[in-house]
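Asks: Quick one: structure below, then a few questions.
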Amino acid sequence: MRLLLIEDDERIAVPLTEGLGRYGFTVDHVRTGAAGLADTTAAPDLVLLDLGLPDMDGLDVCRSLRARSAVPIIMITARGEEADRIVGLELGADDYLAKPFGVRELIARIRAVTRRAAAPAYAPNGPAPAPDIRPTASDAQVLGPLAISRRTREVRLDGQQVALTPREFDLLAYLAEDPGTVYSRQQIMDTVWDPHFFGPTKTLDAHVAALRRKLGDPGWITTARGVGFRLTLPDNHTAEAAG
């Protein structure tokens with residue numbers, strides 16, 4: 001597996017690169033956000049992104065990476081503020097790891113992230129225009145104006161494509177397996193993430209918040225207090241369907 005490490009601190013980057021190399025990973029290391037965005041090496045399978053970069057905020061790098069590619073991103077940060085981590089997840093990062101951490105823990109995170117979704121090509125100069133493939137009734141699950149195609153991993157709302165990260169799609173598709181059913185937080189974490197996921201439970205909340213925002217109505221995903229979440233048709237769409 002080829003990784004792109006965007007990290008300015010040599011005291012972290014050098015032993016991390018060597019440690020990952022012992023486990024069979026190939027690591028391309030750059031020291032600035034600009035270098036990471038301009039990287040022209042072979043397409044990485046995953047990006048390790050430090051948030052405290054010398055030339056630009058790592059959150060801006062995350063936003064730029066996600067705008068051009070769906071490659072998995074794991075943030076590595078010394079920042080203690082929960083808000084920074086949640087913003088990063090909402091911008092499209094798949095996971096984060098707080099410094100200091102061990103190589104084995106990082107590898108567990110890498111495997112958990114990549115297990116759920118194959119990494120797409122990383123395009124430094126932006127992706128090629130995607131074909132406008134509209135899911136049909138034969139390959140899409142339709143819930144009111146929402147269509148979810150597991151074959152193409154595409155989501156459309158009122159006919160318009162909704163751009164989701166791989167993890168966001170997996171979460172939505174899982175909740176859509178039985179609309180209206182409450183899935184516990186543990187069920188969701190075990191299935192959409194991994195039974196051995198080491199991250200905080202706020203990771204799930206951040207992804208639910210991102211989905212609600214992208215679907216344009218928090219009513220799509222409702223909270224069963226103290227239990228978990230369910231996928232539902234928002235009240236306004238229910239009224240439209242009844243009319």
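The values are calculated or read from the model by the stated rules, or taken from the named source; none is laboratory data. All figures in this text were calculated on a predicted structure; none of them were measured in a lab. All Cβ positions, glycine included, derive from the backbone under ideal geometry; neighbour counts span all protein chains shown. For accessibility, only protein heavy atoms count, side chains too; no ligands or nucleic acids. Shrake-Rupley method; radii C 1.70, N 1.55, O 1.52, S 1.80 Å.
Asks: Quick check: anything in the stretch 34-52 in contact (Cβ under 8 Å) with a residue 60 or more places away in the chain, assigned to a loop (DSSP other than H, G, I, E, B) and on the phi > 0 side of the Ramachandran plot?
Replies: No, the stretch 34-52 has no match at all.
Asks: Moving on to the next point. Do you know which residues across the stretch 3-27 are in contact with a helix residue (DSSP H, G or I) (Cβ under 8 Å, 6 or more places away or on another chain), assigned to a helix (DSSP H, G or I) and surrounded by 19 or more Cβ atoms within 10 Å (Cβ to Cβ)?
Replies: Residues satisfying the conditions are 16, 20.
Asks: Of these, 50, 45, 55, which one is open to solvent by 40 Å² or more (accessible area, probe 1.4 Å) and more than 25 Å from residue 192 (Cβ to Cβ)?
Replies: 55
Asks: So which of 61, 30 ends up being surrounded by fewer than 23 Cβ atoms within 10 Å (Cβ to Cβ) and over 14 Å from the mean Cα position of the chain (by Cα)?
Replies: Going through 61, 30 in turn, the sole match is 30.
Asks: Taking the criterion of being at pLDDT 85 or above, open to solvent by 50 Å² or more (accessible area, probe 1.4 Å) and out of contact with any helix residue (DSSP H, G or I) (no Cβ under 9 Å at 6 or more places or on another chain), would at least one residue in the stretch 136-155 satisfy it?
Replies: Looking through the stretch 136-155, at least one residue is at pLDDT 85 or above, open to solvent by 50 Å² or more (accessible area, probe 1.4 Å) and out of contact with any helix residue (DSSP H, G or I) (no Cβ under 9 Å at 6 or more places or on another chain).
Asks: Can you name the number of the only condition in (1) buried (at least 17 other Cβ atoms within 10 Å of the Cβ); (2) in contact with a helix residue (DSSP H, G or I) (Cβ under 8 Å, 6 or more places away or on another chain); (3) not charged (D, E, K, R) that residue 107 fails?
Replies: (1)
Asks: Identify, please: which residue in the stretch 207-243 is modelled with pLDDT under 90 and not in a loop (DSSP other than H, G, I, E, B) and is, among those, least open to solvent (accessible area, probe 1.4 Å)?
Replies: Ranking the candidates gives 237 first.
Asks: Quick one: which of 12, 73 is within 25 Å of residue 209 (Cβ to Cβ), at pLDDT 80 or above and either β-branched (Val, Ile, Thr) or in contact with a His (Cβ under 6 Å, 6 or more places away or on another chain) (or both)?
Replies: None of the others qualify; the one that does is 73.
Asks: Restrict the check to the stretch 96-103 and report whether at least one residue is assigned to a loop (DSSP other than H, G, I, E, B), at positive phi, open to solvent by 30 Å² or more (accessible area, probe 1.4 Å) and at pLDDT 75 or above.
Replies: No; the residues of the stretch 96-103 include none that is assigned to a loop (DSSP other than H, G, I, E, B), at positive phi, open to solvent by 30 Å² or more (accessible area, probe 1.4 Å) and at pLDDT 75 or above.
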